[in-house]
Amino acid sequence: MTITIFPVTQNFAAEIGDVDLSKPIADDDFAAIKQAFWKYAVLVFPGQDLTPEQHLAFSEKFGPVENERTLDPKATPTRYSGAFADISNLDAQGKIWGETSRQRMYKAGNKLWHTDSSFKFRPSLCSLLYSRTIAPIGGHTQFADQRAAYDALSDDLKKKLHGMVAEHWIVHSRMRNGFTEFNEDEKRRLPAVPQVLVRTIPENGRKSLYVASHAGRVFGMPDEEGRALIDSMIAHVTQPQFIHTHRWRPNELIMWDNRCTMHRGTDYDDLRWVRDMQRVTISDVANSCEQEGVAIAA
Ligand code: OGA
Ligand code: MN
């Protein structure tokens, strides 16, 4: 093994060095990366010079790539489609987006605490975000450890949450932010889906909360009560002791485990500076209720 693992925090984020992700990776190095990933949940690979194809080739090693973008590409054209989510502030022509553009209104939702694709029936295992150009001020990404947050709950609350199922829907998170203009195609493709509130990470047996701004209701609870429970869990998970803030450098790849972390982008002057990043998203093996053996709420 030749890679180095440098913890950034004790149990949550680590930097991986002495590996070139643009080249095929030796089996023992890849095994070590996976081990580190299950331990930390957020891995940073600094100083990587990657083409989109190389970014995709490394990502594909973790599972099937999500190929469908959330927004209808006809209503919101972007520079990238298919396997890549364009996490930039650039329009389809590569110019800084307009103040009232649909893309900008929709992407403002990334500033709410969330986990990628929990609003899909088969959610995401992990995301791999690559930076080309960063903003000189702001534009950091924050991560919250939902495993540590689960561990810190009282035994009574752990017991209460086990087996509970929340409704995740992209419309819930976008409504929190004032974006309501989903068209018919998007609404049809993105129905509300069930996800458990507590899940187990199979690779290490750790339990994790699984909440996000996409969650809006809890099955079997009055709407307001469920929403209040979700909001209180998000507030719990996003306390300072569970958060790591990443200050980006250009040409850096970060991968995070969507099953047990939340993240959010922080503000920057997006009408002034270019911030250019792309994300590849890997699907989980099944819906979280199926994985936990919890009956799927109607
Ligand atoms: C994402 C995301 C936040 C950011 O890429 O999934 O939420 O800081 N990004 O750009
Ligand atoms: Mn995201």
Quiz item: What is the distance, in nm, between label points placed 7 Å from the Cα along the Cα-to-Cβ direction at GLN241 and at THR200?
Solution: 2.6 nm
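Magnitude of the Cβ-charge dipole of the chain, K/R +1 and D/E -1, about the Cα centre, nearest 20 debye? It would help to have the intermediate numbers written out before the result.
Details: 36 positive and 39 negative charges, 90 e Å.
Charge dipole of the chain: 440 debye, to the nearest 20.
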Quiz item: Using 0.36 nm per residue, how much length does the chain from LYS61 to SER101 gain when fully extended, once their Cα-Cα distance is taken away?
Solution: 10.9 nm
Quiz item: Taking H as built 1.01 Å from N, whose amide H comes closer than 5 Å to the amide H of ALA13, not counting residues under 5 places away?
Solution: VAL8
Practice problem: Taking the Cα centre of region 1-140 as origin, sum charge times position over the Cβ atoms of Lys and Arg (+1) and Asp and Glu (-1), and report the length of that vector in debye to the nearest 20. | Solution: 640 debye
Quiz item: Once a ≥ b ≥ c are taken as the square roots of the eigenvalues of the Cα gyration tensor of the chain, is the result rounded (a/c under 1.5), prolate (a/b larger than b/c) or oblate (a/b not larger than b/c)?
Solution: oblate
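Considering only the other residues whose Cβ falls under 15 Å of the Cβ of ASP267, what net charge follows from Lys and Arg at +1 and Asp and Glu at -1?
That sum, taken over residues with Cβ under 15 Å, equals +4.
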Quiz item: Under the Karplus relation 6.51 cos²θ - 1.76 cosθ + 1.60, θ = phi - 60°, what is the ordered set of whole-Hz ³J(HN,Hα) values for region 195-211, x standing for Gly and Pro?
Solution: 9, 5, 8, 10, 10, 10, 8, x, 5, 9, x, 6, 8, 9, 5, 9, 10
Self-check item: Taking ASP156, ASP223, ASP116 and counting other C-beta atoms within 10 Å, the order from fewest to most
Solution: ASP156, ASP223, ASP116
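Order of CYS260, CYS289 from fewest to most other C-beta atoms within 10 Å? It would help to have the intermediate numbers written out before the result.
Working: CYS260 25, CYS289 19.
Neighbour counts put them in this order, fewest first: CYS289, CYS260.
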Self-check item: Distance in nm between pseudo-label sites at ASN251 and ASP49 (7 Å out along the Cβ direction from Cα)
Solution: 0.5 nm
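Any read-out appearing in this document is the output of simple, stated calculations on the displayed coordinates, not a laboratory observation. These figures come from a predicted structure and were not determined experimentally. Note that each Cβ is placed from the backbone with ideal geometry, even for glycine, and that neighbours are counted across all protein chains shown.
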